Amino acid sequence: MTAETEAAGPGGRAHPGISHNLRIDGSRLWATILETAAFGATPAGGINRLTLSPEDGAVRDWFRTACEAAGLEVGVDELGTQFALRRGRDMSRPPVAFGSHLDTQPTGGKFDGILGVLAGLEVMRSLNDAGLETEAPLLLINWTNEEGSRFAPAMMASAAYAGEFTAAEILAKRDAAGVSVGEALDAIGYRGTEPVGARAIGAFVELHIEQGPILEAEGRTIGVVEGGQGIAWFDGTVTGFESHAGTTPMPRRRDALLGLAELALAVEGIARAHSPSAVATMGEAVIGAPSRNVVPGQVRFTLDMRDPESATLDAMEAALQEAAAGIGARRNLAIDLERIWRKEPVPFDADLVAAVDAAAEALGHGRRRIVSGAGHDACNLAGRVPTTMIFVPCKDGVSHNESESATPADCAAGADVLLHTLLALADAPRA
Ligand code: HGY
Ligand code: MN
Ligand code: MN
């Protein structure tokens with residue numbers, strides 16, 4: 001603990017906006033961030049910890065041990081999501097939940113998702129140090145497969161918790177190597193028995209790095225997040241005709257890769273046509289049976305399109321289909337697109353957003369309202385329980401890159417705002 005522990009003590013007078021003059025232990029939080037970064041560490045200083053990989057299994061074991069050492073009751077559901085419960089005075093109240101994810105992208109950093117889980121652990125440890133018991137219980141969560149890199153869609157476990165998928169549908173999802181979620185859970189021993197969605201949650205607050213440039217550019221410490229933007233994911237295939245690289249005249253080719261190249265530029269144009277809000281990314285492209293001296297006959301690809309407005313997403317998808325049809329006709333290619341996931345833009349709970357704002361003000365942190373460009377488990381929870389998020393800056397707004405970076409001070413500030421938001425919610429008079 002770095003400060004007085006009781007609000008009413010002499011010199012420990014809390015700001016009117018917060019109930020206790022508590023602060024988390026920033027150096028202990030930072031130490032856990034560096035310690036867990038070893039699980040899947042890459043030579044470039046990032047983390048490659050794909051969901052349900054052996055590295056993910058190891059960090060889950062670390063997390064369970066740390067939670068149990070903090071006196072928390074740890075449970076695991078059918079999809080491997082970990083729940084760590086801290087009992088409250090009134091166990092009839094649904095817990096106030098918080099957390100994020102410990103899985104990463106292949107070129108992940110030390111903070112995306114990880115900060116939210118480890119700051120939650122720090123909150124639990126700090127409450128223990130202060131001997132503070134809350135009215136409502138507290139629940140720290142590590143959601144399975146937020147990133148969606150190995151298994152699609154992203155945020156799948158929280159989506160199942162929110163009722164958007166059944167557990168069976170998720171367990172049957174397969175990765176590029178044909179391994180199912182169920183098989184991968186069994187391989188690391190994290191297929192729990194707790195039914196998905198069975199655990200009550202009264203509210204959910206997720207701390208996360210912004211993963212964008214706004215807070216840093218404006219010199220603000222806290223993002224008071226009002227919602228998440230919409231996301232549409234597509235799987236696609238361009239089919240042409242393999243032919244000899246040396247003997248096939250250019251006009252007679254049905255080159256699938258050139259078709260994809262033209263579609264990629266069309267997608268960029270679609271996003272720019274809806275600038276500055278819209279974004280679109282072709283993150284994967286695989287030539288079927290690649291060979292240096294064969295004209296590509298098939299390319300499989302993925303596409304991620306986002307915008308804060310649902311109608312804009314609709315317009316982008318219509319423009320995409322039109323562009324694909326035109327390119328296919330001109331180049332005599334078949335371009336097949338399947339939308340595999342659509343996440344509507346989601347507003348967060350106004351009362352919880354206000355609670356974050358009040359905590360940030362009481363703690364004296366510069367802040368601004370913001371909408372999340374990234375998807376988060378909170379965006380799924382918001383459909384089922386009162387939910388909000390807290391952002392802190394990351395260096396140059398970079399994320400999903402091994403150089404992802406944040407400062408110890410900003411991480412501690414975010415964790416303090418999380419702590420005091422949770423105290424306000426957990427000690428509020430029963431609704
Ligand atoms: O894709 C996203 O927005 C998140 O990082 N999974
Ligand atoms: Mn994340
Ligand atoms: Mn991410």
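What the table shows:
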quantity: Cβ-Cβ FRET estimate between SER180 and LEU132, R0 fixed at 30 Å, reported to 0.05; calculated: 0.10
quantity: Inter-label distance, nm, simple model (7 Å from Cα along the C-beta direction), ILE287/ALA58; calculated: 3.6 nm
quantity: Cα convex hull volume per residue for the chain (Å³); calculated: 138 Å³
quantity: Most to least packed among 306-316, 74-84, 413-423 [average Cβ atoms within 10 Å]; calculated: 413-423, 74-84, 306-316
quantity: Region 230-343: radius of gyration over Cα atoms, expressed as a fraction of 2.2 N^0.38 Å; calculated: 1.12
quantity: The chain, dipole about Cα centre (Lys/Arg Cβ +1, Asp/Glu Cβ -1), debye to the nearest 20; calculated: 640 debye
quantity: Label point 7 Å beyond Cα of THR65 along Cβ direction - residues of region 23-37 with amide nitrogen under 18 Å; calculated: 29, 31-37
quantity: Peptides 324-336, 373-385 ordered by average Cβ neighbours within 10 Å, highest first; calculated: 373-385, 324-336
quantity: Whole-angstrom gap from region 156-224 to region 113-139, using each part's C-alpha centre; calculated: 20 Å
quantity: Dipole magnitude of region 292-331, debye to nearest 20 (Cβ charges: Lys/Arg +1, Asp/Glu -1, about Cα centre); calculated: 520 debye
quantity: Rg and Dmax [Cα atoms of region 337-400; Å; Rg one decimal, Dmax integer]; calculated: 14.2, 50
quantity: Inter-site label distance for ALA31 and ALA264 at 7 Å from Cα along Cβ, in nm; calculated: 4.6 nm
quantity: Sum of side-chain charges, VAL238 neighbourhood, beta-carbon under 11 Å (Lys, Arg +1; Asp, Glu -1); calculated: 0
quantity: Distance in nm between pseudo-label sites at ALA41 and MET250 (7 Å out along the Cβ direction from Cα); calculated: 5.1 nm
quantity: Radius 10 Å from Cβ of ILE188, net charge of other residues (Lys, Arg +1; Asp, Glu -1); calculated: -2
quantity: Cα-based helix-to-principal-axis angle, 256-273 vs the chain, degrees rounded to 10; calculated: 50 degrees
quantity: Pairwise Cα inverse-distance average, inverted: Kirkwood Rh of region 254-319 (Å); calculated: 13.0 Å
quantity: Most to least packed among 178-187, 107-116 [average Cβ atoms within 10 Å]; calculated: 107-116, 178-187
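Readers should treat all values here as calculations from the given coordinates under stated rules, not as data from a laboratory. Bear in mind the structure is a predicted one, so any value in this text is a computation, not a measurement. Don't worry about glycine lacking a Cβ; one is built from the backbone with ideal geometry, like all the others, and counts go over all protein chains shown.
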